[in-house]
Amino acid sequence: YERWRPVTAIRTGSVDPDPEWTPLHNTPAHPDYPSGHTTYSGAAEAVLSTLAGPSTAPFDLTSPTAPGVTRTYTTWKQLSDENVDARVLSGIHTRSADEAGITLGRNVARHTLRNAASLLAAG
C-alpha cells in the first residue's frame, strides 16, 4: 500500500500541521505497511504461546536505549502490545501498519506450527 509515514502526516497532512515535529527515531527507508518489526513480534508471540502457554512467570527486561527502565511482563501478548505502541510513538509506523504486522506474524506462525511435520519432511 502506498501510505505515508507519521512524520509526513504530522508535518504536512494533518488538520493542524506541525512542520517542526520530529520523531523519536529517524524514519527508516522501508515501507510502512505492514510493519516488519511487529510481524516478528506477532510470530514470536504465537510460537511462545503455543509452546509455553500464553502466560508466563513474571520476567523483567531492560534496554540499553532506556537506561534505568525495567519492564515486567507476565504474558507474551504484552510484549507485542508494547512493540506496537513503541513503533507508533517513535514515529516509525502507523498503528494500522503495526497491527497488520502483528496479525500477519501470528498467522504465519500458526500456519507453520500446524504444518511443521510436512514442512520439515519436504526437505
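The values are calculated or read from the model by the stated rules, or taken from the named source; none is laboratory data. In this text, all values refer to a predicted model and were calculated from it rather than measured experimentally. Ideal geometry is used to build each Cβ from the backbone, glycine not excepted, and the neighbour counts take in all protein chains shown. Ligands, DNA and RNA are stripped out before the accessible areas are found, and what is left, the full protein with its side chains, is counted by its heavy atoms. Shrake-Rupley method; radii C 1.70, N 1.55, O 1.52, S 1.80 Å.
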In this structure, does Ala57 turn out to be outside any strand (DSSP E or B), at pLDDT 85 or above and small (Gly, Ala, Ser)?
no
Could you check region 11-44 and list, in sequence order, the residues that are open to solvent by less than 60 Å² (accessible area, probe 1.4 Å) and either of a type in the set (A, V, I, L, M) or in a helix (DSSP H, G or I) (or both)?
Gly13, Gly36, Thr38, Thr39, Ser41, Gly42, Ala43, Ala44
Out of curiosity, is Thr103 assigned to a helix (DSSP H, G or I), within 27 Å of Ala9 (Cβ to Cβ) and among the hydroxyl-bearing types (Ser, Thr, Tyr)?
yes
Answer from Ser80, Ser118 - the residue that is among the hydroxyl-bearing types (Ser, Thr, Tyr) and surrounded by 15 or more Cβ atoms within 10 Å (Cβ to Cβ):
Ser80
Can you tell me which residue in region 83-106 is modelled with the lowest pLDDT, limited to those that are surrounded by fewer than 16 Cβ atoms within 10 Å (Cβ to Cβ) and under 19 Å from Pro31 (Cβ atoms)?
Ser90
Name the one entry in Ala66, Ala57 that is surrounded by fewer than 15 Cβ atoms within 10 Å (Cβ to Cβ), without any contact (Cβ under 8 Å) to a residue 60 or more places away in the chain and farther than 30 Å from Thr27 by Cβ.
Ala57
Note down all Cβ pairs under 8 Å where the first residue falls in region 1-18 and is within 13 Å of Arg95 (Cα to Cα), the second is at pLDDT 80 or above and of a type in the set (A, V, I, L, M, F, W, C), and they're at least six residues apart or on different chains.
Arg3/Ala97; Arg5/Ile92; Pro6/Val88; Pro6/Ile92
